[in-house]
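Novice: Quick one: the structure is below, and I'll ask about it shortly.
Any read-out appearing in this document is the output of simple, stated calculations on the displayed coordinates, not a laboratory observation. Please read all numbers here as calculations on a predicted model, not as lab measurements. Cβ: placed from backbone, ideal geometry, glycine included. Neighbour counts: every protein chain shown.
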Amino acid sequence: MTSSSGAARKNLSKIACNRLQKELVEWQVNPPTGFKHKVTDNLQRWVVEVIGAPGTLYANETYQLQVDFPENYPMEAPQVIFLHPAPLHPHIYSNGHICLDILYDSWSPAMTVSSICISILSMLSSSTTKQRPEDNDRYVKNCRNGRSPKETRWWFHDDKV
Amino acid sequence: MRVVKMKWHAVASWTWDAQDETCGICRMAFDGCCPDCKLPGDDCPLIWGVCNHAFHLHCILKWVNSQTSQAHCPMCRREWQFKG
């Protein structure tokens, strides 16, 4: 159900490959708190385990993020989605898509997988209700044939959660 | 005593005068070069923005050219303008 544009993906450019290797080493030395990288031999798709922070609505719950890197990373943001089941959160759709500006319009090549993870955990931690976005059903229906969240025209209206 | 120098050999070292050690885009050392180049030096120069952040010229060009609207500095998000 989640969008796997795997077949259409091109190989990583040299700069992307280099940077991801560096990020991986940096992650191994200094992983962001609450995250575990699941080791595979695929540099272009990372699966990262997230553990809800203590004292928040998601404490002790474990989720999985899938991070797919485009050929021209870091000039273009990676595609980041939650694998099923996605946490119940006002900015996370049931198909795993995340409404978070840095993953789309506000991406900067100075960001890393690690900094994205920290932003996502902070978004989870500041949530006060466990519920889906209001337009969940309509949005998910629109994405049925495996559309990437990067093709969505997002509206970022709420910076509190 | 008089010493006559028959020949001599100069050795110099250089470094870019940047505040950071690595390029925020490719994460390679400034004393090295961007991943697309082989040798550090004038062929893979650093460039500064008006905001005073430095990057490999090749890296910031890739970022600026990949943006459809005005590019921002990857570090501080200010409008990217090359420092004259």
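Novice: Rounded, prolate or oblate: which fits segment A:8-91, taking a ≥ b ≥ c as square roots of the Cα gyration tensor eigenvalues, rounded meaning a/c under 1.5, else prolate when a/b beats b/c? Can you show the working numbers first?
Specialist: Values: a/c = 2.51, a/b = 1.68, b/c = 1.50.
Judged from the Cα gyration tensor, segment A:8-91 comes out prolate (a/c at least 1.5, a/b above b/c).
Novice: Could you list A:69, B:82, B:30 so that the one with the fewest beta carbons within 10 Å of its beta carbon is first and the one with the most is last? The partial results should precede the final answer.
Specialist: Details: A:69 24, B:82 12, B:30 21.
Least to most surrounded, the residues fall as B:82, B:30, A:69.
Novice: Right, something else. Let me check the size of the protein assembly as shown from its C-alpha atoms; what are the radius of gyration and Dmax in Å?
Specialist: Rg, Dmax (Cα atoms, Å): 22.0, 95.
Novice: Write out the trypsin sites (Lys or Arg not before Pro) in segment A:1-97 meeting two conditions: DSSP loop, and at most 16 other Cβ atoms within 10 Å of their Cβ.
Specialist: On the way: sites: A:9, A:10, A:14, A:19, A:22, A:36, A:38, A:45; in loops: A:9, A:10.
For trypsin sites (Lys or Arg not before Pro) across segment A:1-97 that sit outside H, G, I, E and B with at most 16 neighbouring Cβ atoms in 10 Å, the list reads A:9, A:10.
Novice: Measuring from label point to label point, each 7 Å out along Cα→Cβ, what is the residue A:102 to residue A:14 span in nm?
Specialist: So the label points at residue A:102 and residue A:14 sit 3.0 nm apart.
Novice: Follow-up question, since we're still on this one. Quick one: if the Förster radius is 35 Å, what FRET efficiency do residue A:22 and residue A:60 give, using the C-beta to C-beta distance and rounding to 0.05? The partial results should precede the final answer.
Specialist: Numbers: r = 32 Å, r/R0 = 0.92.
According to the calculation, E is roughly 0.60.
Novice: From the backbone phi of segment B:59-68, what are the Karplus-calculated ³J(HN,Hα) couplings (6.51 cos²θ - 1.76 cosθ + 1.60, θ = phi - 60°) in whole Hz, Gly and Pro given as x?
Specialist: Using θ = phi - 60°, the values come out as 6, 5, 5, 4, 5, 4, 6, 8, 8, 7 Hz.
Novice: Using 0.36 nm per residue, how much length does the chain from residue B:7 to residue B:61 gain when fully extended, once their Cα-Cα distance is taken away?
Specialist: Working: separation 54, 0.36 × 54 = 19.44 nm, distance 4.45 nm.
Value of the extension gain: 15.0 nm.
Novice: Moving to a separate point now. Need one word for segment A:63-161: rounded, prolate or oblate. Basis is the Cα gyration tensor (sqrt eigenvalues a ≥ b ≥ c); a/c below 1.5 gives rounded, then a/b vs b/c decides. Provide the component values of the computation, followed by the final result.
Specialist: Numbers: a/c = 1.61, a/b = 1.23, b/c = 1.31.
Oblate shape, in that a/c is at least 1.5 and b/c is the bigger or equal ratio.
Novice: Sticking with this one: Can you find, among A:112, A:97, A:77, the residue farthest towards the positive end of the dipole of segment A:71-161? Put +1 on the C-beta of Lys and Arg, -1 on that of Asp and Glu.
Specialist: Most positive-ward Cα: A:97.
Novice: Here is a further query. Please work out the FRET efficiency for the pair residue B:39 and residue A:41, using the Cβ-Cβ distance as r and a Förster radius of 35 Å; give the result to the nearest 0.05. Spell out each step's value before the answer.
Specialist: Values: r = 31 Å, r/R0 = 0.89.
Here the calculated transfer efficiency is 0.65.
Novice: Among residues other than residue A:150 whose Cβ falls under 11 Å from its Cβ, what is the net charge (Lys/Arg +1, Asp/Glu -1)? Spell out each step's value before the answer.
Specialist: Numbers: positive: A:147, A:153; negative: A:68, A:76, A:105, A:151.
Surrounding charge for residue A:150 is -2.
Novice: Just rank A:151, A:76, fewest to most, by other beta-carbon atoms within 10 angstrom.
Specialist: Details: A:151 10, A:76 16.
Going from least to most buried by this count: A:151, A:76.
Novice: Let me ask something else. With label points built 7 Å along Cα→Cβ from the Cα atoms of residue A:30 and residue A:115, find their separation and express it in nm.
Specialist: 1.3
Novice: What are the ³J(HN,Hα) values, in whole Hz, obtained from phi via the Karplus relation 6.51 cos²θ - 1.76 cosθ + 1.60 with θ = phi - 60°, for each residue of segment A:66-78 in sequence order, with x given for Gly and Pro?
Specialist: My calculation for segment A:66-78 gives 10, 10, 10, 9, x, 3, 9, 4, x, 6, 10, 5, x Hz in order.
Novice: In this model, which of A:22/B:38; A:10/B:38; B:7/B:38; A:38/B:62 are farther than 28 Å apart at the alpha-carbon? Numbers along the way, then the final one.
Specialist: Values: A:22/B:38 18 Å; A:10/B:38 24 Å; B:7/B:38 32 Å; A:38/B:62 31 Å.
The answer is B:7/B:38; A:38/B:62.
Novice: A further question follows. Relative to the Cα centre, what is the charge dipole magnitude of chain A, using +1 at the beta carbon of each Lys and Arg, -1 at the beta carbon of each Asp and Glu, and rounding to the nearest 20 debye? All intermediate terms of the calculation are to be shown ahead of the outcome.
Specialist: Values: 17 positive and 16 negative charges, 76 e Å.
The calculated dipole for chain A is roughly 360 debye.
Novice: Read phi for every residue in segment A:85-101 and hand back ³J(HN,Hα) as whole Hz from Karplus 6.51 cos²θ - 1.76 cosθ + 1.60, θ = phi - 60°, with x for Gly and Pro.
Specialist: Per residue, the Karplus-derived 3J(HN,Hα) values read x, 7, x, 6, 7, x, 10, 10, 7, 5, 8, x, 5, 10, 8, 8, 4 Hz.
Novice: Okay, next question. Once the Cα gyration tensor of segment A:1-144 is diagonalised, what are the square roots of 5 times its eigenvalues, in whole Å and ordered largest first, as equivalent ellipsoid semi-axes? Don't skip to the answer; put the middle values down first.
Specialist: Numbers: eigenvalues 120, 71, 34 Å².
Three semi-axes, in Å: 24, 19, 13.
Novice: What does the net charge come to around residue B:51 if you take all other residues with beta carbon closer than 14 Å to its beta carbon, with K and R at +1 and D and E at -1?
Specialist: Working: positive: B:77, B:78, B:83; negative: B:20, B:79.
Once positives and negatives cancel, what remains is +1.
Novice: Still on this structure, I have one more. From the P(r) of chain B, can you give the percent of Cα pairs sitting at distances over 15 Å? Show your work: numbers first, answer last.
Specialist: On the way: 2127 of 3486 pairs.
Pairs farther apart than 15 Å: 61 percent.
Novice: Projecting each Cα onto the charge dipole of chain B (Lys/Arg +1, Asp/Glu -1 at the beta carbon, about the Cα centre), which of B:75, B:4, B:30 comes out farthest on the positive side?
Specialist: It is B:4.
Novice: Using Cα-Cα distances under 8 Å and only pairs 6 or more residues apart, what relative contact order does segment B:1-75 have, in percent?
Specialist: Details: 69 pairs, mean separation 16.5, N = 75.
Averaging sequence separation for qualifying contacts and normalising by length gives 22 percent for segment B:1-75.
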